[in-house]
Amino acid sequence: MMRVLAPLVVAATLFFTPPPAAHAQTDLGATQNVVGSYVSGRVLDVRTEQTGTEQAGQTQTVYDVELRGADLGGERRVSVTNDVTSNPYQLTPRKGDRVVVYVLPNEQGDLQFFLEGFDRRIPLAWLVVLFVAVLVALAGWQGFKVAFSICLSIALIGWVLIPSFLNGVNPIPIAILLATVLTFLSTGLSTGWNKQSVITALGTLGGVAVAYGISAIFTGWSHLSGLSTEEDRLFFSQNPTLNPSGLLFAGIIIAAMGVIEDVAVSIASGVEQVRRANHALSFKELFRAGMVIGRDHTSALANTLVFAYVGASLSTLLLYAQYDGSWLKFLNFDNVADEVVRSLSATIGLVLTVPVTALLAAWAASRPLKRGGIRRKDVKVAAE
């Protein structure tokens with residue numbers, strides 16, 4: 001279930017990170033050191049107005065929006081035109097739609113209003129409700145614990161990793177620490193706080209360490225800086241003291257943790273069930289059983305991981321056609337090389353998790369049983 005953590009990391013910033021009261025604005029022509037704020041609004045009416053003279057004038061769309069925000073002193077009704085300045089993304093909301101409006105004071109102190117996007121909090125909230133409901137309906141109390149662990153994991157990322165990075169702390173050790181905590185948390189809530197959860201966590205951390213090591217080597221070799229998108233470059237140009245490559249590695253660690261844990265928990269659980277079915281199995285036989293389970297699971301998850309990255313990067317793949325099918329140009333885009341390093345590093349970590357977890361699970365399962373007074377050697381004697 002933790003594989004859903006990666007696409008939800010973005011939601012952590014929205015729901016769990018306390019937003020600043022104001023945001024710097026650089027792309028709407030604002031003067032330096034002028035700040036504004038984002039508020040939610042509802043479109044009350046959509047109408048057209050005539051500008052200029054009747055002979056040479058033009059018609060423009062005007063959106064009457066009811067805003068609600070503490071910075072505005074409560075509710076306020078404003079009008080936003082459909083020109084490029086006030087509606088830079090050329091949105092076409094309809095009456096009743098909820099939108100996000102950027103409020104920016106000009107040099108004279110008068111407020112200006114810009115349509116920034118649709119307010120999607122309500123549909124996203126209902127999607128989360130549906131997700132939890134499906135988990136609980138199909139898995140009962142176990143599904144509720146899984147949903148709780150995911151929410152708690154996202155909260156920790158939003159409250160610990162993101163604020164720490166913004167305060168200048170190196171995110172890599174924070175991400176490793178969080179990966180440890182989140183793995184113990186999710187496996188403990190799913191399978192209980194026992195030997196199996198410890199093995200799962202250790203196997204997961206082994207695979208995550210491999211993924212981080214591989215990504216660190218090939219990121220440096222490929223001269224990747226972590227500035228693969230315009231948003232990345234804009235953010236780090238405004239925050240030059242922060243380390244973009246550190247955030248890149250932290251993202252790889254968190255994303256790899258979710259999918260690697262799926263393999264580790266399957267191996268640990270499978271080896272434990274094999275041991276319960278036959279206490280006479282040796283360490284080598286238990287290790288072989290763990291490897292078989294891991295290989296079957298890895299083949300499916302490797303495809304899942306790679307295609308998840310590919311599916312999220314379809315718009316990037318269009319660049320190949322745009323540049324006349326030049327692989328030289330396409331493969332040297334920062335965002336393309338970045339995704340290749342991310343996906344393949346995580347996949348290598350995923351594959352190498354199998355022997356690590358199988359080894360730990362076989363070692364733990366082959367130890368003599370203390371509870372119930374039955375040891376493996378006693379089983380062998382009884383069998384003879």
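Just so you know, all these numbers are worked out from the coordinates, no wet-lab data involved. All values derive from a computational prediction rather than experimental measurement. Here the Cβ positions follow ideal geometry from the backbone for every residue, glycine too, while neighbour counts run over all protein chains shown.
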Please work out the FRET efficiency for the pair F144 and S315, using the Cβ-Cβ distance as r and a Förster radius of 41 Å; give the result to the nearest 0.05.
0.65
So for each of 233-243, 172-182 I average, over its residues, the number of other beta carbons within 10 Å; can you give me the resulting order with the highest mean first?
172-182, 233-243
If the viscosity is 0.692 mPa s and the temperature 37 °C, what translational diffusion coefficient in µm²/s does Stokes-Einstein give for the range 131-383 when Rh comes from Kirkwood over Cα pairs?
163
Using the beta-carbon distance between L328 and Q90 and R0 = 41 Å, what value does 1/(1 + (r/R0)^6) give for FRET efficiency, to the nearest 0.05?
0.75
Which three extents, in angstrom, do the Cα atoms of the range 244-349 have along their principal axes, listed largest first?
62, 29, 19
For a quick protection proxy, order the peptides 113-120, 280-287, 309-316 by their average other-Cβ count within 10 Å, most packed first.
113-120, 280-287, 309-316
Relative intensity, log₁₀ I(q)/I(0), of the range 106-177 from a Debye sum that treats every alpha carbon as a point, q = 0.13, 0.17, 0.18, 0.22 Å⁻¹:
-0.68, -0.85, -0.88, -0.95
Quick one: net charge of D296's neighbours, Cβ under 15 Å, K/R +1, D/E -1?
+1
If you average the alpha carbon positions of the range 87-140 and of the range 165-235, how far apart do those two centres end up, in angstrom?
30
Per-peptide average of other Cβ atoms within 10 Å, ordering 256-263, 350-357, 210-217 highest first
256-263, 350-357, 210-217
